[in-house]
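Values in this text are rule-based calculations from the coordinates and carry no lab data. Treat the numbers as computed from the prediction; the structure is a model and nothing was measured. Cβ placement follows ideal geometry from the backbone for every residue including glycine, while neighbour counts extend to all protein chains displayed.
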């Protein structure tokens, strides 16, 4: 009987030690990005009069809504596809270093927010060549918004990380410019 109690106590102590040591492993120090860079992308939404310059268009809208004007105050129900130029600086007319291709949809009635899915097709010696895939919620009223980097190709093969978006400029419902700060934490290629 005594040996059973001793064995039980030893097992309990061993179990507590293993549990404590496995919990300690969950707290790892902050990792530094393996690659970081910034760029800007410029979105010019089609408004019925700017077909030559437009880089995005409303492809779905609430029933009865006009597809050349975003719906209501929060734009709920609009889906916009885009093929926007990406530049290294704030200038729309600067040489592009890539394209931002994807969609955003306004997904809440009560808050000005969107869901964002984009592939940044990069073609730059400085930033890299390949694609960076990004998706997630974009609470537009926040100064900065973190969206997940969920993969890529080429120089960004299977990468993961965070893209921090900040609205750098906007002109009503027709033009906006986003600054994108990319921090990659999983890089397969250097």
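Compute the relative contact order of the stretch 34-186 as a whole-number percentage, counting only Cα pairs closer than 8 Å that sit 6 or more residues apart in sequence.
Numbers: 412 pairs, mean separation 33.6, N = 153.
In percent, rounded to a whole number, it is 22.
Looking at the square roots a ≥ b ≥ c of the eigenvalues of the Cα gyration tensor of the stretch 108-190, which shape do they give, rounded for a/c under 1.5, prolate if a/b is larger than b/c, or oblate?
Numbers: a/c = 2.52, a/b = 1.81, b/c = 1.39.
It comes out prolate by the Cα gyration axes.
Most exposed first by the Cβ proxy, i.e. fewest other Cβ within 10 Å, how do 113, 131 rank? Before the final figure, lay out the partial values.
Working: 113 19, 131 22.
Arranged by neighbour count, lowest to highest, 113, 131 become 113, 131.
List 168, 155 from most exposed to least, where exposure is judged by having the fewest other Cβ atoms within 10 Å.
On the way: 168 14, 155 19.
Arranged by neighbour count, lowest to highest, 168, 155 become 168, 155.
At 7 Å along Cα-to-Cβ for each site, give me the label-to-label distance between residue 59 and residue 108 in nm.
Label-label distance for residue 59 and residue 108, simple model: 2.5 nm.
What distance in nm lies between label points placed 7 Å from Cα along the C-beta direction at residue 164 and residue 50?
Placing both labels 7 Å beyond Cα along the Cβ direction yields 2.9 nm.
Test of understanding: ordering 55, 167 by Cβ neighbours within 10 Å, fewest first, what list do you get? Show your work: numbers first, answer last.
Details: 55 21, 167 16.
With the sparsest Cβ surroundings first, the list reads 167, 55.
Considering the zone a paramagnetic label at residue 123 would reach in this model (a point 7 Å from Cα along the Cα-to-Cβ line), which residues of the stretch 42-63 have amide N under 20 Å from it?
42-44, 53-56
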